[in-house]
1. Go through the residues of region 303-314 one by one and say whether even a single one is closer than 19 Å to residue 62 by Cα, in contact with a strand residue (DSSP E or B) (Cβ under 9 Å, 6 or more places away or on another chain) and either at pLDDT 95 or above or buried (at least 18 other Cβ atoms within 10 Å of the Cβ) (or both).
2. Looking at residue 255, is it surrounded by fewer than 20 Cβ atoms within 10 Å (Cβ to Cβ), in a loop (DSSP other than H, G, I, E, B), out of contact with any strand residue (DSSP E or B) (no Cβ under 7 Å at 6 or more places or on another chain) and at pLDDT 85 or above?
3. Take the residues of region 164-195 that are crowded, with 16+ Cβ neighbours inside 10 Å and touching a helix residue (DSSP H, G or I) at 6+ places or on another chain (Cβ under 8 Å): which is modelled with the lowest pLDDT?
4. Is there a residue being assigned to a strand (DSSP E or B), surrounded by fewer than 17 Cβ atoms within 10 Å (Cβ to Cβ) and at pLDDT 85 or above anywhere in region 322-329?
5. Only one residue in 92, 129, 72, 77 is in a strand (DSSP E or B) and modelled with pLDDT under 95. Which one?
6. Regarding residue 285, is this residue more than 16 Å from the chain's Cα centre (by Cα), assigned to a strand (DSSP E or B) and modelled with pLDDT of 95 or more?
7. Working carefully through the options 188, 180, find the one that is under 16 Å from the mean Cα position of the chain (by Cα) and farther than 19 Å from residue 60 by Cβ.
8. Right, residue 106: on the phi < 0 side of the Ramachandran plot, under 21 Å from the mean Cα position of the chain (by Cα) and at pLDDT 95 or above or not?
């Protein structure tokens, strides 16, 4: 009996001392530190958004009141960066945006007396569809992008139906815009700087901009983002036809004024504060308030558009788009 007990004891000790061969058995489970599978990255890199703006301000021009918009944008990684911060990566960026003036309260429609028989209205519709794509490369200190965008202007403001009905062969309205854009984005400490040069292939003219913003965290879910943007035009016309530029530039409707060239010079300073609120891991609600402050070139347009003499006198004229304005809005964005 003693011999059998001794053999059993030796066998147990030998088994306990035998090293475990990798792969021959599963590791023992520790109830205090259970194994957790790494999370699966199901982010498609797409963000959907809907929003409202009390005024639609684009490149320093106030197009009208009550702008309702929606959009999709995304990024597709083409080449991964070798550095830990992603430097060296190349991505394909794309975006689709659509907006409309609710209530057709545009800022351009002149208030013309009843001599036109009501052909010209005080309000006109306006919608805009924008499609864009770009290649972006992260160099580390800065990211550089080069892209193309197509902007389709729609509605009676864009096709000039009111003025063209009252004045045959008037040629008023807006053209579509096709532009090439070279952009640079970098960080200087807590400040993010972005700049772009945009050339309109269809209408001609350049538009340059520079924006700066900084994010101030209030809580894990709430931030304050002050920002400022400055624009500069070089023979820039925002897609308006020559007849519309004559009208906006003070030439009147029936006068034979010299053709108004595109704007050259500083256009407007835009300042504001965003208040992004993180609703959950994917959704963000961002209210904002901003001020658009037209500068030299745009101020001159506003001054020259105060009134026109002629068969169809205009009271006020299309000067409102170039006046200083404080506006506000909100955006709900969801990442997929």
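1. Yes, region 303-314 has at least one match.
2. no
3. Once the filter is applied, the top-ranked residue is 166.
4. Going through region 322-329, the residues assigned to a strand (DSSP E or B) turn out to be 325-329.
Of the ones still in play, those that are also surrounded by fewer than 17 Cβ atoms within 10 Å (Cβ to Cβ) are 326, 328.
If we keep only those that are at pLDDT 85 or above too, we end up with 326, 328.
Checking region 322-329: at least one residue is assigned to a strand (DSSP E or B), surrounded by fewer than 17 Cβ atoms within 10 Å (Cβ to Cβ) and at pLDDT 85 or above.
5. On the way: 92 fails: modelled with pLDDT under 95; 129 fails: modelled with pLDDT under 95; 72 fails: modelled with pLDDT under 95.
Step by step, each of 92, 129, 72, 77 is checked, and only 77 is in a strand (DSSP E or B) and modelled with pLDDT under 95.
6. Working: more than 16 Å from the chain's Cα centre (by Cα): no; assigned to a strand (DSSP E or B): yes; modelled with pLDDT of 95 or more: yes.
Against the criterion (more than 16 Å from the chain's Cα centre (by Cα), assigned to a strand (DSSP E or B) and modelled with pLDDT of 95 or more), residue 285 does not qualify.
7. On the way: 188 fails: under 16 Å from the mean Cα position of the chain (by Cα).
The conditions single out 180.
8. Values: on the phi < 0 side of the Ramachandran plot: yes; under 21 Å from the mean Cα position of the chain (by Cα): yes; at pLDDT 95 or above: no.
Against the criterion (on the phi < 0 side of the Ramachandran plot, under 21 Å from the mean Cα position of the chain (by Cα) and at pLDDT 95 or above), residue 106 does not qualify.
The values are calculated or read from the model by the stated rules, or taken from the named source; none is laboratory data. For clarity, every value in this text was computed on a predicted model and none was experimentally measured. Counting neighbours? That spans all protein chains shown, and the Cβs are built from the backbone with ideal geometry, glycine included.
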